[in-house]
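Below is one structure; the comments refer to it alone.
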Amino acid sequence: PICVGQNSSLFFPVVSGTPPYNLNFLAGTSPVNVMVDATGNVSGSTWPINPVSTTTYTLQNVTDAGGLFGCTKTFNGQSATLQVNDLPFVDLNGTTEICEGEVTQLYFDFTSGSSPWTVYYDIDGTPTNVTLSNSMDSLAVSPSNTSIYTINSISDPNCSNTITDATTITVNPLPE
């Protein structure tokens, strides 16, 4: 598996025949034709791919360079699927003003990725993190002075994502 934005690669090890090989396959529903060398590579290296969603690659046929016209083998249903996971994302919000001594909630709205999520954030520049399991979750905070909560990144069991989201909680002094 890969995450959205990451690369993977394909190679096609052909176990018999005379190279080079003319290989036809489907990338999802799109037909692709490549020339493959004796080691299963395209143009001397693996074939880079970076699909944005889970894609199944299905072999159709291969023709080698043997004989006058080459020999062709047709495949029936041989395929491999590359799982592409969404990058986790969270939106942070909450009450922006409280009185000294009050407790308020920071609300985390996870719009993609898989539970549990680990959110890496700073409180006035001091790094910390929290792991949350619900797609809409919250964290109780009680700052003693005005504080800025800044999310730097988020990760889930599959992927991580660098993001920037911040909220400031202004703490008003109690009247005397």
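The values are calculated or read from the model by the stated rules, or taken from the named source; none is laboratory data. Being a predicted model, the structure only gives us computed values, none of them experimental. Cβ placement follows ideal geometry from the backbone for every residue including glycine, while neighbour counts extend to all protein chains displayed. For the accessible areas, the whole protein counts, side chains as well, though only heavy atoms, and no ligand, DNA or RNA atoms are used. Shrake-Rupley method; radii C 1.70, N 1.55, O 1.52, S 1.80 Å.
Every residue, every condition in (1) under 29 Å from the mean Cα position of the chain (by Cα); (2) among the acidic types (Asp, Glu); (3) on the phi > 0 side of the Ramachandran plot, yes or no:
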{"position": "Thr55", "(1), (2), (3)": "yes, no, no"}
{"position": "Lys73", "(1), (2), (3)": "no, no, no"}
{"position": "Leu82", "(1), (2), (3)": "yes, no, no"}
{"position": "Val103", "(1), (2), (3)": "no, no, no"}
{"position": "Gly113", "(1), (2), (3)": "yes, no, yes"}
{"position": "Gly125", "(1), (2), (3)": "yes, no, yes"}
Within region 141-176, count every residue that is open to solvent by 70 Å² or more (accessible area, probe 1.4 Å), in a loop (DSSP other than H, G, I, E, B) and in contact (Cβ under 8 Å) with a residue 40 or more places away in the chain.
5
Filter pass, Val15 being in a strand (DSSP E or B) and either open to solvent by less than 30 Å² (accessible area, probe 1.4 Å) or modelled with pLDDT under 90 (or both)
no
Can you find, within region 129-140, the residue that is farthest from Gln6 (Cα to Cα) among those that are in a strand (DSSP E or B) and either touching a residue at least 12 places away in the same chain (Cβ under 8 Å) or basic (Lys, Arg) (or both)?
Ala140
Taking the options Gly77, Gly40, Gly28, Gly44, name whichever one is free of Cβ contacts under 8 Å to residues at least 24 places away in the same chain, on the phi > 0 side of the Ramachandran plot and out of contact with any Asp or Glu (no Cβ under 7 Å at 6 or more places or on another chain).
Gly77
Residue in region 37-54 that is open to solvent by less than 60 Å² (accessible area, probe 1.4 Å), at pLDDT 90 or above and in contact with a Lys or Arg (Cβ under 7 Å, 6 or more places away or on another chain) present:
no
